[in-house]
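S.K.: Starting off with a structure, shown below.
The values are calculated or read from the model by the stated rules, or taken from the named source; none is laboratory data. This structure is a prediction, so every number in the text was calculated from the model and none was measured. Don't worry about glycine lacking a Cβ; one is built from the backbone with ideal geometry, like all the others, and counts go over all protein chains shown. These area figures cover heavy atoms from the full protein model, side chains too; ligands, DNA and RNA do not enter into them. Shrake-Rupley method; radii C 1.70, N 1.55, O 1.52, S 1.80 Å.
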Amino acid sequence: DLEWRQSWVEFKNFFGNQPLSIKIGRQRFAEPQALWWNRDFDAVRLNYDTTLLKNFIAVGENLAAYRTSGEDFMADDEDMLRIFGESAWQWRRDHFLELRGMMLDDHS
């Protein structure tokens with residue numbers, strides 16, 4: 001049983017802006033506690049990453065089967081469009097303010 005997990009193309013310094021980048025392809029989205037997300041998706045992800053501020057917004061949906069076992073998708077992955085984002089600001093050494101949000105559109 002084989003599974004294709006990640007492959008993407010990333011463009012850094014997007015539009016000539018040093019902290020801005022865009023990543024397109026099958027990629028892992030994870031946050032430290034794995035309460036909001038910890039999965040692989042086909043997605044477009046826009047990042048803005050500086051020393052004290054880290055942001056991203058992404059749009060993703062699994063577009064094809066990635067397993068040789070014959071299972072196309074897990075039941076909760078099929079026809080699910082996800083839009084999600086995160087912002088983290090380090091306002092003091094080892095002190096962070098974080099905000100996460102996700103929208104799910106089940107169009108099955």
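S.K.: Being modelled with pLDDT under 90 and either open to solvent by less than 30 Å² (accessible area, probe 1.4 Å) or within 18 Å of E10 (Cα to Cα) (or both) is true for just one of R39, R45, R67, R28. Which residue is that? Even if it seems obvious, please write down each step before you answer.
M.R.: Numbers: R39 fails: either open to solvent by less than 30 Å² (accessible area, probe 1.4 Å) or within 18 Å of E10 (Cα to Cα) (or both); R45 fails: modelled with pLDDT under 90; R67 fails: either open to solvent by less than 30 Å² (accessible area, probe 1.4 Å) or within 18 Å of E10 (Cα to Cα) (or both).
Going through R39, R45, R67, R28 in turn, just one is modelled with pLDDT under 90 and either open to solvent by less than 30 Å² (accessible area, probe 1.4 Å) or within 18 Å of E10 (Cα to Cα) (or both): R28.
S.K.: Note down all Cβ pairs under 9 Å where the first residue falls in region 28-47 and is under 15 Å from Q6 (Cβ atoms) and of a type in the set (A, V, I, L, M, F, W, C), the second is in a strand (DSSP E or B) and at pLDDT below 75, and they're at least six residues apart or on different chains.
M.R.: F29/N38; A30/N38
S.K.: Could you tell me which numbered condition T51 fails, if it satisfies all but one of (1) part of a strand (DSSP E or B); (2) modelled with pLDDT of 85 or more?
M.R.: Result: T51 passes all but (1).
S.K.: For region 7-17, which residues satisfy the criterion of being modelled with pLDDT under 85 and surrounded by fewer than 13 Cβ atoms within 10 Å (Cβ to Cβ)?
M.R.: Kept after step one, since they are modelled with pLDDT under 85, are these residues of region 7-17: 14-17.
Answer for region 7-17, where residues must be modelled with pLDDT under 85 and surrounded by fewer than 13 Cβ atoms within 10 Å (Cβ to Cβ): F15, G16, N17.
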